[in-house]
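Contents: one structure, followed by commentary.
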């Protein structure tokens, strides 16, 4: 088959196009990495305490710029506040976008979000309960993480059967989500409206203000591991969007991959929510932006969601902390900034490819 | 490769028996057609035979081994399944779709590489859709999309191709294109095929063996010419069926048609 001259010319013509495709992807990858580095650096200079880019270099790489003077305050601000916060915003954006993209593929539904199975709602309940009881911040984070994981375990248990189908999983997720959402309302109802309720409400709208190195040390490895697993499974996600029989007949271990992706996406979501509160929209919007640019192949959608999510979130968080004297909740900005960006893209590209 | 079903039976729950005690054998490069009225269980039969639905009794065997005991990856390297063509919510290009057929050859974290791409290229050539490579599946005609599904199954390099009504919903010309492709594949690559079909003429035209499902749950398997007879067809489809040979331009064709009020 392969040896015939006619075939070979067709193969060569095809590979020319292939190379162009790869070129496009390489260019995007380079652009995204450059954008992340540039924006992360820029974000570190911005804030109440002004720090120049030279001073950041001098602090981060001591000895590189011997003529720039740095103070201890500067060092503290950079290492204890700015760097953890910028890293968290990058991780949170990348994590939510990747988790959203993987759920959309897994449930073969463009409307799926990282909270489709109630993980984010579960984690929120854990956090607001911790705030209500006046627990220290690390305990609040731990309680959020635990409740998020508990939510996904409940979904597993409810939907478990020999002939388990994806619809059962989604329905169980909706039930668990509704349950935890009611519990969150209950906490808000009983919270002291003078001092507790504002804290709870602020937390529910998402913010990265509480970022510290210790909280990042607990959450970041979970997010990074989760992203890595989904990254490795990205091509398999294409097969997961097919009807179950079809995927099985391609030799895909459908159940195992479904469990693995749900567990990892839940781990990412619970960790992000435990550190930053509820961050909405990113998990829904960013994967669609990625699809508008690269098509539906998850081999591109996952890396693109990762990059775009990180870029989007670092911008949002910088605006959140610098635009006004007090912090603006992140979920307000993701919608206010995200919606117009999304609509412009929708108009320009003609939407996702159907 | 030898594919066998021994005493296969299936029932939904306890009462609703779909078919009972079905047996047949198929070897390369034979083609087997499965015929039966709507609701006789053609698709159910196909899913049972491939282990996608558990038999109530009996089993399928590949080279004498019960397929339930064959690891799924190994099984799907041998069998290529072409389901009824349906688009999913996320639409892929022809190439992205066909390369999925390589899944059974790649590890859990594997990605298709250069060799896989070449095999995809060959499968696209073989099914005559190489020029559609970069197109979205949703922009294809029914006949073209069917070819994509066949190419995807071929990309797994199977020795048995199982097709669920591959030529339904297609016009005359495309029906012939699909049938000819299947026949050519079986002859050139020496693979076997099982086809669900609504067209007895197609069974007569390309298949060596046929399996006829009756609505009472019994089934008849054997040489196509012995299975597709006026008597059997009348019984299976509950309408009078006549079979006639017609000569067109010196070539014989067999027509199978229902006779109303006959």
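None of the figures in this text is laboratory data; all of them are computed from the coordinates on show. Note that this is a predicted model, so its numbers are computed, not measured. Using ideal geometry, Cβ is built from the backbone for each residue, glycine included, and neighbour counts are taken over all protein chains shown.
Taking Cα atoms, how many degrees apart are the long axis of helix B:172-189 and the longest axis of chain B, rounded to 10 and kept between 0 and 90? Its long axis makes an angle of about 70 degrees. Going from the fewest other Cβ atoms within 10 Å to the most, the residues A:234, B:139 appear in the order B:139, A:234.
Where both partners of a DSSP beta bridge lie in region B:124-262, what percent of those bridges are antiparallel, to the nearest 5?
75 percent
Please give, to one decimal in nm, the separation of the simple spin-label points placed at residue B:139 and residue A:213, each 7 Å out from Cα toward the Cβ. The answer from the label model is 5.4 nm. Here region A:78-137 yields Rg over Rh of 1.11, to two decimals, using C-alpha coordinates and the Kirkwood radius.
Take every residue in peptide B:64-74, count the Cβ atoms of other chains within 10 Å of its Cβ, and give the average of those counts.
Numbers: counts 0, 0, 0, 0, 0, 0, 0, 1, 6, 3, 1.
Average neighbour count from other chains, rounded to a whole number: 1.
Counting neighbouring Cβ atoms within 10 Å and putting the fewest first, the residues A:189, A:156 line up as A:189, A:156.
Quick one: grab the alpha carbon gyration tensor of chain A, order the square roots of its eigenvalues as a ≥ b ≥ c, and give me rounded if a/c is under 1.5, else prolate or oblate depending on whether a/b is larger than b/c. All intermediate terms of the calculation are to be shown ahead of the outcome.
Details: a/c = 2.14, a/b = 1.18, b/c = 1.80.
Oblate.
The Cα atoms of region B:61-145 give a gyration tensor whose axes a ≥ b ≥ c have a/c of 1.5 or more with a/b greater than b/c, which makes the shape prolate. In the protein assembly as shown, the calculated helix contribution to ellipticity at 222 nm averages -18500 deg cm²/dmol per residue, counting -39,500 (n - 2.57) for every DSSP H run with n ≥ 4.
Just for region B:2-259, what percent of DSSP beta bridges are antiparallel, to the closest 5? Walk me through the numbers before you get to the answer.
Working: 30 of 48 bridges.
Just about 60 percent of them are antiparallel.
Taking the fewest neighbouring Cβ atoms within 10 Å as the starting point, the ordered list for B:116, A:195 is A:195, B:116.
Beta bridges per DSSP, both residues in the protein assembly as shown: antiparallel share near 60 percent.
Judged by the ratio a/c of the largest to the smallest principal axis of the C-alpha gyration tensor, chain B counts as oblate, that ratio being 1.5 or greater while a/b is no larger than b/c.
Which residue, B:143, B:107, B:190, tops the fluctuation ranking in a GNM of chain B built on C-alpha contacts under 10 Å? Its mean-square fluctuation being the largest, the pick is B:107.
How large is the Kirkwood hydrodynamic radius of region B:9-71, counting all unique pairs of alpha carbons, in Å?
12.7 Å
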